[in-house]
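*Asks:* Supplied in structure tokens, the structure appears directly below.
The values are calculated or read from the model by the stated rules, or taken from the named source; none is laboratory data. Every value quoted in this text rests on a predicted model; they were computed, and no experiment measured them. Neighbour counts run over all protein chains shown; Cβ positions are idealised from the backbone, glycine included.
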Amino acid sequence: MKTPALPPFDYTPRPYAGPSADEVLRLRKKFLSPALFLYYKKPIMFVEGRGQYLFDEKGRRYLDGLGGIVTVSVGHCHPHVVEAARRQNETLQHSTTIYLHPNIAEFAQKLAGKMPGDLKVCYFVNSGSEANDLALLMARAYTGNYDIIALRNSYHGGNASGMSVTSHHTWKFNVPHSFGVHHATTPDPYRGAWGRNDREAGKKYAADVKQVIEFATSGQVAGFIAESIQGVAAWWCFPTVISNMLMPMSAPPAGYA
């Protein structure tokens, strides 16, 4: 199979003068955690990015189809982002939340303005794992209950609480975890127990969640956590019909948030 050619791109990466990929690999193996894994038998080393493209140490161009694992949403080194970062770094590099600063308040206002209903309070964290950890804590503190319902084949982070609600053996360490967490059947429309051709599939998956609550918990649960798009589990969207069926389960006295 012939490798497709990338379209012309009016940019030349800067010459790279740092350590070779082999040397970086050696340093990484020696000084970084072995839990960090790499893709490919001969790993690629990226040293520069521009727009939708990445460049390795030899100047070879690659199309970035993943966005740094969905963290670069406007392309690499977008001039507006670079300029805003430069301007802020020249003004004030760091200030904690125990002091006032306009940026965090104004950003929270803009973000809350895009949220529906009463979702108007923001919590800023450093990662998805930390966000899920906070969400679990808030659900348990608010309801006074402990049990959490999650889905099989889900991924919610690599910290202790995130690993507990994750349902992939490849993302779990052999240590005690998942106390109070119960996993229901994943409503996978492609490989699930009930597929797209089953008109009652949504009801059946929602019924499975109800059975987990009835038979695996006291009936008093703190919350239900699910990815709107299961990314680690092959990129499929959570069916809206099931969300609608789960909502009535949140009525008191179930304590289901």
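A quick yes/no check of all residues on (1) touching a helix residue (DSSP H, G or I) at 6+ places or on another chain (Cβ under 6 Å); (2) surrounded by 10 or more Cβ atoms within 10 Å (Cβ to Cβ); (3) not hydroxyl-bearing (Ser, Thr, Tyr):
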site: Glu48; (1), (2), (3): no, yes, yes
site: Tyr53; (1), (2), (3): no, yes, no
site: Arg61; (1), (2), (3): no, yes, yes
site: Val72; (1), (2), (3): no, yes, yes
site: Leu92; (1), (2), (3): no, no, yes
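*Asks:* Among (1) more than 24 Å from Leu36 (Cβ to Cβ); (2) at pLDDT 90 or above; (3) not in a loop (DSSP other than H, G, I, E, B), there is one condition Ser218 misses while meeting the rest; what is its number?
*Replies:* (3)
*Asks:* Does at least one position in segment 173-184 carry a residue that is β-branched (Val, Ile, Thr), touching a Phe, Trp or Tyr at 6+ places or on another chain (Cβ under 9 Å) and not assigned by TED's automatic domain parsing to the domain that holds Asn103?
*Replies:* no
*Asks:* Between a residue in segment 159-175 that is of a type outside the set (Ser, Thr, Tyr) and assigned to a loop (DSSP other than H, G, I, E, B) and any residue that is at pLDDT 95 or above and surrounded by fewer than 21 Cβ atoms within 10 Å (Cβ to Cβ), which pairs come within a Cβ distance under 7 Å, given they are 6 or more apart or on different chains?
*Replies:* These pairs meet every condition: Asn159/Asp133.
*Asks:* While we're here: Picking from Thr143, Thr71, which residue would you name as being β-branched (Val, Ile, Thr) and in the same structural domain as His183 (by TED's automatic domain parsing)?
*Replies:* Thr143
*Asks:* If I go through segment 8-48 residue by residue, how many of them are assigned to a strand (DSSP E or B) and modelled with pLDDT under 95?
*Replies:* Adding up the residues that qualify gives 0.
Each row is one residue, and each column tells you yes or no for (1) under 30 Å from His169 (Cβ atoms); (2) assigned to a helix (DSSP H, G or I).
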position: Val82; (1), (2): no, yes
position: Gln93; (1), (2): no, no
position: Asn103; (1), (2): no, yes
position: Glu106; (1), (2): no, yes
position: Pro116; (1), (2): no, no
position: Phe124; (1), (2): no, no
position: Asn132; (1), (2): yes, yes
position: Leu137; (1), (2): yes, yes
position: Tyr142; (1), (2): no, yes
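*Asks:* Identify all residues within segment 49-66 that are outside any strand (DSSP E or B) and more than 27 Å from Gly158 (Cα to Cα); write none if there are none.
*Replies:* Hits for segment 49-66 are Gln52, Glu57, Lys58, Gly59, Arg60.
*Asks:* Going by what's in this entry, would Gly158 be described as surrounded by 15 or more Cβ atoms within 10 Å (Cβ to Cβ), farther than 25 Å from Gln220 by Cα, in the same structural domain as Val232 (by TED's automatic domain parsing) and under 18 Å from the mean Cα position of the chain (by Cα)?
*Replies:* yes
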